[in-house]
Amino acid sequence: MKAMRITSILLVVFLSLTPLMADATEDIITLYESLENQHPDFNNRLSKAASDALLARECDAASAGLSRPQLFFSLQRIAAIAHDSHTAPILDGDTTQELTYIPLGFDFINDDLVIVTASQEESLLLGKTVESIEGHDIEALIGLSDGQIPNDNATYLMTQVASWLSVYDFLAAIGVADGPVDIVFKDGSSTSIEALPYDAYASTSYVYFRQALPPTMNPGSLYSAMSLGDPEALLINYHACAEMPGYPFETFADDVCTLIREDGYKKVIIDLRWNSGGDSRIIAPLVDGLEAIQDERGLEVYVLIAENTFSSAILNALELKDRLDATLVGRPTGGSVSHYGEIQVAVLHWSGIQYSYSTKYFDNGATGPLLPDIPVAESVEAYRDGVDVDLMALGVI
C-alpha cells in the first residue's frame, strides 16, 4: 500500500478490515487522497472537515462488505466532493455486468421526467410523466443525487439523474430502492417494476417513445452543413470538438466559407447541442473564416446550445459569441461557463476502476450553465416526433 496521509482513526479502521475489504477501502482512500492532492480545488464546496467525515463514513460502510457496484458508488460519492463533472470514476464493463436494472429509460423534457424507453411488456408506460419514485418526488430525487453524482451545475445533474434512474443499484445507493420499484405518474396511474440482472436486462426487447431524430441533426457526421427552408440560412452541425479522418476540419471550414460567399447566405446557425467537447482549438478556422465574411458584409450568426453542450463546446460557444456577436438559442447547457478541465485519467490498484480528474480551472467570468439569449422549450410531442424546436423558433424551417 502506498504511503498516504490519513487520520489515525481511518488507519485503525483500515487495519481492522479483512484483506479483501482492506483492498477495497484502500481504493476509496487512494481516490480521496489523490483528488485532494491533484484536483485544483477539491474542497470548493465541502469543508475539509466535512470531506474527511464523508471519507470516514465510506470506510466504515466498507467494513461490512462491498460488492463491486457498491464500491463504484462509494467512489462516486468521494469524487462528487469536487463538485466537478469531469472528476468521476469511470463505469467499466465488469461493473456494468454486475449492476441490476429496471427495464425503463427516462429523460427530462421541459423539466418533466418522462418514460422514453420501456420493455415490450411495459410499452403502455411510454410518454408518461413521472410524479414520484418510491414516494420521492422529482425534486427530492435530484436532491438525493447531488451528493452521489459528480456535477458542477443543475442542468448536468438532471441529465445524469435521468440516465442513472434505470440502474437499480443507483436507486439503492441514494437510499430510495429496497425491493420492487414503485413509480407513480402524474396522470394518477402507477406501476411496480422488478429489477433485472444485466444478462436479462440486455436481452430484453425494448420500445422507444422517440419515433425520429430531427433530420437537421445529421448524426452520422461529426461536422456537416446543410441548407434549410429559409434560403438565406445555412446550418452547420458541429457534434464533437474533433477531427474526422480524411476530411480535416480546416478543409471543411474553407468549404463552408466558400459556400457562404458563393450562395450568399446571410444567416449561419452553428449547432453545438450534442457537442460534449474535445479540443476547443479545432473550431478556429471556422471562426476566423466567418469573422472575415462579417468584415466583408453582414452575416448573422446563431449558436444552438442545450443540455448536452459540454466542456470545450462551452468554450467554443463563448468564443463565437465574443468574436462573431453570435446569438445563443436553446436551453441551459450541461457544461458550466467557468469549469474544471484538462483531464487526466488514473487507475485504482485493487479494483482496476479508472477515474478521471481535472487539473485546471477555466475562469470565464461567470458560474453555472451557459444560458441562451433566446430560450426555447422542448415539448413532449416535439421530442417524440423529431421536431427541431430551436430552428422552428428561428423561423428557418
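Here are a few things to note about the model shown:
- Scanning the range 26-42 for residues being under 19 Å from Gly352 (Cα atoms) and among the acidic types (Asp, Glu) gives a total of 3.
- Selection status of Tyr206, at pLDDT 95 or above, surrounded by 14 or more Cβ atoms within 10 Å (Cβ to Cβ) and farther than 24 Å from Gln76 by Cα: yes
- The range 86-113 residues that are farther than 28 Å from Arg331 by Cβ and charged (D, E, K, R), paired with ones that are at pLDDT 95 or above and surrounded by 14 or more Cβ atoms within 10 Å (Cβ to Cβ) (beta carbon under 6 Å, 6 or more apart): Glu98/Arg68; Glu98/Pro69
- Cβ pairs under 6 Å, 6+ apart, first in the range 256-270 and touching a residue at least 60 places away in the same chain (Cβ under 8 Å), second outside any helix (DSSP H, G or I): Lys267/Glu232; Lys267/Ala233; Lys267/Glu300; Ile269/Leu235; Ile269/Tyr302
- The set of residues in the range 17-53 that are within 23 Å of Val347 (Cβ to Cβ), of a type in the set (A, V, I, L, M, F, W, C) and at pLDDT 95 or above comprises Ile28, Ile29, Leu31, Leu35, Phe42.
- Failed item in (1) part of a loop (DSSP other than H, G, I, E, B); (2) within 30 Å of Ser280 (Cα to Cα), with Leu235 passing the rest: (1)
- Within the range 163-186, if we keep just the residues that are surrounded by fewer than 20 Cβ atoms within 10 Å (Cβ to Cβ) and among the small types (Gly, Ala, Ser), the residue that is modelled with the lowest pLDDT turns out to be Gly179.
- Enumeration of residues in the range 198-211 that are part of a strand (DSSP E or B) and in contact with a Gly (Cβ under 9 Å, 6 or more places away or on another chain): Tyr206, Tyr208
- Test for Ile138: is it touching a strand residue (DSSP E or B) at 6+ places or on another chain (Cβ under 9 Å), under 24 Å from Glu381 (Cβ atoms) and without any contact (Cβ under 8 Å) to a residue 60 or more places away in the chain: yes
- Assessment of the range 295-309 against the conditions (in contact with a Cys (Cβ under 8 Å, 6 or more places away or on another chain) and either under 25 Å from Gly395 (Cβ atoms) or β-branched (Val, Ile, Thr) (or both)) yields no matching residue.
- Candidates Ala202, Ala240, Ala154, filtered to the one that is touching a residue at least 60 places away in the same chain (Cβ under 8 Å) and under 25 Å from the mean Cα position of the chain (by Cα): Ala154
- Subset of the range 343-377 [more than 18 Å from the chain's Cα centre (by Cα), over 23 Å from Asp325 (Cβ atoms) and not polar (S, T, N, Q)]: Ala346, Val347, Leu348, His349, Trp350, Gly352, Ile353, Lys360, Tyr361, Ala377
- Of Pro219, Pro214, all but one fail to be surrounded by 15 or more Cβ atoms within 10 Å (Cβ to Cβ) and either assigned to a loop (DSSP other than H, G, I, E, B) or among the hydroxyl-bearing types (Ser, Thr, Tyr) (or both); the exception is Pro214.
- Only a single item in (1) surrounded by fewer than 18 Cβ atoms within 10 Å (Cβ to Cβ); (2) part of a loop (DSSP other than H, G, I, E, B); (3) modelled with pLDDT under 95 is not met by Leu91, and it is number (3).
The values are calculated or read from the model by the stated rules, or taken from the named source; none is laboratory data. Here the structure is a predicted model, which is why all the values come from computation and not from measurement. FYI the Cβ positions are ideal-geometry reconstructions off the backbone, even for glycines, and counts take in every protein chain you see.
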